[in-house]
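S.K.: Submitted below is the structure of interest, expressed as structure tokens.
The values are calculated or read from the model by the stated rules, or taken from the named source; none is laboratory data. Bear in mind that the values here come from a model prediction, so they are computed numbers and not experimental data. Counting neighbours? That spans all protein chains shown, and the Cβs are built from the backbone with ideal geometry, glycine included. For accessibility, only protein heavy atoms count, side chains too; no ligands or nucleic acids. Shrake-Rupley method; radii C 1.70, N 1.55, O 1.52, S 1.80 Å.
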Amino acid sequence: MNRYLLGTALAVCLATPSLPATAAAPAPVSDAATRFGAREDIQQVSLSPSGTAIAYIAAIEGHGAGLFVVSVADGVPKPILASSGNPDRLTACKWSTDTRLICGIYMILDTGLTHGGFNGYTRLVAVDSDGKNLKVLSARTNERSLGVAFGGGDVIDWNGGAPGTVLVTRSYVPEATTGSLIAESREGVGVDRIDTVSLRRANVEPPNDDAVDYISDGYGAVRIMGKRLKLNTGYNSDTILYSYRKSGDRTWLPLGTLKTTGGVLSGFNPYAVDRDHNLVYGFDTKDGRRALYTIALDGSLTRTLVVDRPDVDIDDVIRIGRQNRVVGASFVTDKRQSLFFDPELKKLAASLSRALPGLPLVTFVDASADESKLLLFAGSDVDPGHYYLYDKTTRHLAEAFPARAALAKTTLASVKSITFTAADGTQIPAYLTLPPGSTGKNLPTIVMPHGGPEARDEWNFDWLSQFFANRGYAVLQPNYRGSTGYGIAWFKENGFKSWRTAIGDVNDSGRWLIKQGIADPAKLAIVGWSYGGYAALQSAVLDPSLFKAIVAVAPVTDLETLRQERHDFTDFTEQDARIGKGPHVREGSPAQNAARITAPVLLFHGDRDQNVGIGESRLMASRLKAAGKSVELVEFHALDHQLNDSNARAKMLDKADGFLRSTLALPPAN
């Protein structure tokens with residue numbers, strides 16, 4: 001596709017408010033696979049500034065998505081916009097005014113420009129709340145442009161300083177000057193103020209070739225800028241230099257340095273500016289764990305510790321309202337907890353917990369401009385969750401939508417936080433899910449390591465583990481060393497460089513299940529996605545006899561291949577450092593050690609995966625076949641890493657269940 005036609009083509013894709021035609025019926029799968037494989041009904045939701053209407057993105061057939069607007073007064077949803085998912089995908093829509101919405105679009109197009117021939121693009125569009133006046137908001141390139149703007153910008157301030165305006169980052173692309181007196185000569189990332197109705201735009205921050213981050217104050221003023229310097233090779237360095245402005249001043253002053261080494265951040269990482277108190281909230285390390293600080297932006301750079309924990313990282317700030325003001329922080333021990341700084345919201349959160357006793361995971365999603373009406377989400381381990389609208393004035397709480405209506409009448413399995421002892425004596429946290437009504441003993445069992453590895457599992461609803469529990473399997477999800485959330489010492493060098501420790505913990509979780517009598521040792525399997533898929537395969541390299549069946553979704557299979565997948569991207573040096581050099585690269589690559597794997601393997605992968613190329617699963621399958629091993633690879637056309645398609649997910653669940661039942665000699669499912 002010609003780069004200067006991208007915006008026009010996008011508008012055509014999204015122009016019709018009617019929903020895509022239903023695709024051909026997929027091959028039959030079990031009812032359970034259909035119910036659990038169905039994507040969330042509500043993908044994303046936003047409350048209008050007046051609080052009188054809600055816009056939400058809903059999953060529709062296959063991997064499509066529809067934008068709906070519902071009036072709070074009558075509760076009738078109206079379809080506004082639709083995307084097929086191939087290639088255009090609605091990612092988020094939020095109100096800029098009471099009659100205008102801004103939506104993010106993600107596309108994967110075959111460009112031939114980068115590894116694998118596919119590349120991801122993002123664009124912003126604006127549309128009226130009745131579906132009319134659809135316009136591409138992202139700046140367009142043209143036939144004279146000397147490059148491609150892969151990113152269409154991000155809204156960094158929903159109050160651009162004038163009614164109906166927003167602040168949006170923009171990648172400026174220089175143009176050829178031949179035959180033109182108005183060619184664009186600037187290059188880099190800047191910030192524009194855009195009127196979302198007229199599309200008039202004005203540059204408020206000139207483009208800087210090193211700029212990677214801008215943070216505004218929520219009232220139309222950019223106060224923080226991050227610049228990542230480039231190396232002589234053209235790749236990014238591992239360091240971001242942050243600058244700030246005093247209130248009312250345009251001069252940039254040094255704020256601090258943030259460095260990334262093998263996935264570990266060091267230095268102050270700014271997140272949000274508080275205009276009223278003239279400070280910035282951000283994270284930094286304290287006693288080996290992530291803590292929340294503020295730094296004064298008055299020239300003194302006075303640094304204040306806001307909250308820390310001796311056991312876990314503070315991993316998020318809680319923000320609310322049109323200005324995204326910081327009102328609290330959250331962290332995870334056995335369950336996620338919220339600490340509110342705002343007295344009114346602290347009191348309200350406690351009240352909501354009493355009103356929704358079975359739904360302890362309460363999150364504020366959005367608010368009206370005056371914050372008199374709040375949109376919130378509440379869920380638990382055995383409830384996928386519900387969206388509610390709360391009116392502070394009337395103190396009325398009303399349910400707006402369930403997150404997953406298809407599971408409304410399904411009995412879900414409770415999730416228990418446990419710890420097990422690794423071979424070196426370390427206590428490893430994990431989550432155990434037992435089939436509803438089971439004895440909890442001598443069960444077919446699945447170890448399910450999470451992806452990332454720079455991530456962690458939490459106590460909540462998980463469609464993947466819940467499906468397998470529904471089918472009679474016990475499921476254990478270990479937060480192995482290499483996970484985030486527990487500090488630098490727990491993270492080690494990351495799950496790739498320290499793969500022996502991470503995979504050792506995963507295998508020790510399987511041994512613990514057997515020792516506790518939970519798992520039948522002849523019916524113990526491992527299932528993982530992304531790094532979890534890597535862990536599933538590499539676990540069998542480390543101990544070929546432990547797991548009797550392996551299911552890996554979009555897995556990393558060769559560390560050197562993973563490194564080279566980023567070779568054409570500016571962040572290659574980060575990936576290079578993350579993986580490292582040495583014998584661990586070959587020893588830690590399942591595809592290089594396929595002959596050691598004895599258990600049957602089932603692989604799933606989308607052929608447009610931008611995180612882990614499908615070539616890794618193809619390589620794994622070919623190496624296993626060459627070694628005379630049992631392997632099957634299922635490829636999903638036009639899907640990426642998340643396999644964000646209800647039919648594909650249902651097929652994956654059904655086939656994985658059938659594979660495990662056959663391999664583990666289990667009776668057919670009911």
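S.K.: Would you mind working out the accessible area per residue for the stretch 253-376, using a 1.4 Å probe, and quoting it in Å²?
M.R.: Value returned for the stretch 253-376: 45 Å² of accessible area per residue.
S.K.: Please tell me which of these pairs span more than 21 angstrom C-alpha to C-alpha: 94/373; 94/132; 286/347; 441/515?
M.R.: Beyond 21 Å: 286/347.
S.K.: Out of the DSSP beta bridges found with both residues in the chain, what percent are antiparallel (nearest 5)?
M.R.: 85 percent
S.K.: Can you run phi through the Karplus equation (6.51, -1.76, 1.60; θ = phi - 60°) for the stretch 638-652 and list ³J(HN,Hα) in whole Hz, with x for Gly and Pro?
M.R.: Rounded to whole hertz, the list is 6, 10, 9, 4, 7, 6, 7, 8, 4, 5, 5, 5, 4, 4, 4.
S.K.: Amide H to amide H under 5 Å from residue 307: which residues, 5+ apart in sequence or cross-chain, H placed 1.01 Å off N in plane?
M.R.: Hits under the 5 Å cutoff: 292.
S.K.: Residue farthest toward the positive end of the dipole of the chain, with Cβ of Lys/Arg at +1 and Asp/Glu at -1: which of 408, 374, 155?
M.R.: 408
S.K.: Tell me the accessible surface of residue 657 in square angstrom (1.4 angstrom probe, heavy atoms of protein chains only), to the nearest ten.
M.R.: About 10 Å², ignoring ligands and nucleic acids.
S.K.: Okay, moving on. Using alpha carbon centroids, what distance separates the stretch 324-391 and the stretch 587-646, in Å?
M.R.: 40 Å
S.K.: Another one. Per 0.36 nm of contour for each residue apart, how much would the distance between residue 200 and residue 301 grow if the chain were fully extended, relative to their Cα-Cα spacing?
M.R.: 32.7 nm
S.K.: By how many degrees, between 0 and 90 and to the nearest 10, does the Cα long axis of helix 531-542 differ from the longest principal axis of the chain?
M.R.: So the helix axis and the longest Cα principal axis differ by about 30 degrees.
S.K.: Between the stretch 214-263 and the stretch 82-110, how many Å separate their Cα centres?
M.R.: 28 Å
S.K.: Pulled fully out, how much extra length does the chain show between residue 50 and residue 176, if you take 0.36 nm times their separation in residues and subtract their Cα-Cα distance?
M.R.: 40.8 nm
S.K.: Still on this structure, I have one more. Residues with amide H under 5 Å of residue 631's amide H, sequence separation 5 or more or different chain, H placed in the peptide plane at 1.01 Å from N; which?
M.R.: Under 5 Å from the amide H of residue 631 lie the amide H atoms of 601, each far enough along the sequence or on another chain.
S.K.: In straight Cα distance, which aspartates and glutamates are under 13 Å from residue 78, not counting same-chain residues fewer than 8 positions off?
M.R.: The reachable aspartates and glutamates, counting only those whose Cα sits under 13 Å from residue 78, are 128, 130.
S.K.: What ³J(HN,Hα) values, in whole Hz, does the Karplus curve 6.51 cos²θ - 1.76 cosθ + 1.60 give for the stretch 296-306 when θ = phi - 60°, with x put for Gly and Pro?
M.R.: 5, 9, 9, x, 7, 6, 4, 9, 10, 6, 8
S.K.: For the chain, count the residues as N, evaluate 2.2 N^0.38 Å, and divide the Cα radius of gyration by that value, please.
M.R.: 0.96
S.K.: What residues qualify as long-range amide H neighbours of residue 610, i.e. H under 5 Å apart, gap of 5 or more or another chain, H built at 1.01 Å from N?
M.R.: Residues meeting the criterion, in which the H sits 1.01 Å from N, are 641.
S.K.: Name all residues of the stretch 537-568 having a backbone nitrogen under 19 Å from the label point set 7 Å from the Cα of residue 514 along its Cα→Cβ direction, giving them as ranges.
M.R.: So the set is 537-551.
S.K.: Hey, what's the per residue convex hull volume over the C-alpha atoms of the stretch 406-552, in cubic angstrom?
M.R.: Considering the Cα atoms of the stretch 406-552, their hull volume per residue is 100 Å³.
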